[in-house]
Every structure is written in C-alpha cells, then in structure tokens.
1. Determine the calculated [θ] at 222 nm for the chain from helices alone, applying -39500 (n - 2.57) to every DSSP H run no shorter than 4 residues and normalising by the residue count; nearest 500 deg cm²/dmol.
2. Rounded to the nearest 0.05, what FRET efficiency do residue 125 and residue 93 have when you use their Cβ-Cβ distance and R0 = 25 Å?
3. In nm, to one decimal, how far is the residue 56 label point from the residue 103 one, both placed 7 Å along Cα→Cβ?
4. Could you check the simple spin-label distance between residue 83 and residue 137, using points 7 Å along Cα→Cβ, in nm with one decimal?
5. Distance in nm between label sites at residue 66 and residue 118, each 7 Å beyond Cα in the beta-carbon direction?
6. Could you check which residue among 15, 102, 154 shows the biggest mean-square fluctuation in a GNM of the chain with a 10 Å Cα cutoff?
7. Of the residues 131, 93, 34, which exhibits the maximal mean-square fluctuation in a Gaussian network model of the chain defined by a 10 Å Cα contact cut-off?
8. Working from Cα positions, state the angle (0 to 90°, nearest 10) between the long axis of helix 115-145 and the longest principal axis of the chain.
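A short reminder: the numbers here are calculations on the coordinates, not readings from a lab. All figures in this text were calculated on a predicted structure; none of them were measured in a lab. For neighbour counting, all protein chains shown are included, and Cβ atoms are generated from backbone atoms with ideal geometry for every residue, glycine included.
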Ligand code: MG
C-alpha cells in the first residue's frame, strides 16, 4: 500500500519535531556546560542523541514505505534559562507536545486505514510515556532541591550516571 500524502506529510513534520527536540536539548546541554553542571549536561546529551534516533526511525520508516523524505527548517532553540528546574520544566513541556503530535499522527493513520503506520507508532506511544516520566522525575527532584547548592550538586552527580538506553 502506497503511503498517503497526508501521512507522509505528517511523518516529515514528526522528523522535524524530533530534530528540533534534539537541537533544543543540545542548547540545554550548552546552558548546563556553561554553569558547570556536568551531570545535567551529560543527561541532555543523551536525550539529544535519543531524539536523533527517533528522527532516524521515522526517516527509515518513510523510506521503507517508498515515501519522500523532505527535511524542514529548524528554528533557533531556546538558550536563556532561569535555573536547572526551568530547563527541565521546558523539556517536560516539549515532550508533552511531542506526545500530542504522535497521538494525532496515530489518529490520522487510523483514519487513513494505514495499519503499518499504526503499528510502527505503537513503539513511540510507549516511548513517550518513558520520556515524560524521566523529565517529570527530574522536575520533581529539582523542586525538592530548591536553591540549595549542595542538593543541586547531588542531583547533578546522579544525572551523570544516566546510561544510554
Ligand atoms: Mg522523541
């Protein structure tokens, strides 16, 4: 079954969104590097790599379906943040938008009776639960830490231990 124009367009938009997320997380890593939070910077670099892998998953899928990959422009990512908590709150917000986008892509694929795309997206729906969970955990811990440098440094050290999936 040839992929429909609407599904193809939505997958290209999703590739853009995943790469824009990677770009945003790289900018967040730069903020943490600048402020000597090496662990949070490491966490964001892993996140950046995951987003690139997500983009490549959609890229390969579209190619496998004999679709046309059309990369879109990326906007300048945010660069000024108030605190580590602000960064992670923005990353949680971003992941919630990604989740909503994947859910609407799923609904589109159902409407078009594109069962292969529905099946491919099941992985992403599960993945987004994890993405939101890991960002939310950091937000909750950073709220507990407040402005205490000692607590922030402990969380930074903990973030340094995050492993690639
Ligand atoms: Mg993603």
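1. Working: 5 runs with 128 residues, N = 165.
After summing the helix terms and dividing by the residues of the chain, the value is -27500 deg cm²/dmol.
2. Calculated transfer efficiency: 0.85.
3. Each label point lies 7 Å from its Cα, and together they span 2.9 nm.
4. Roughly 2.2 nm, to one decimal.
5. It is 2.2 nm.
6. Looking only at 15, 102, 154, the biggest GNM fluctuation is shown by 154.
7. Largest GNM mean-square fluctuation: 34.
8. Once rounded, one gets 10 degrees.
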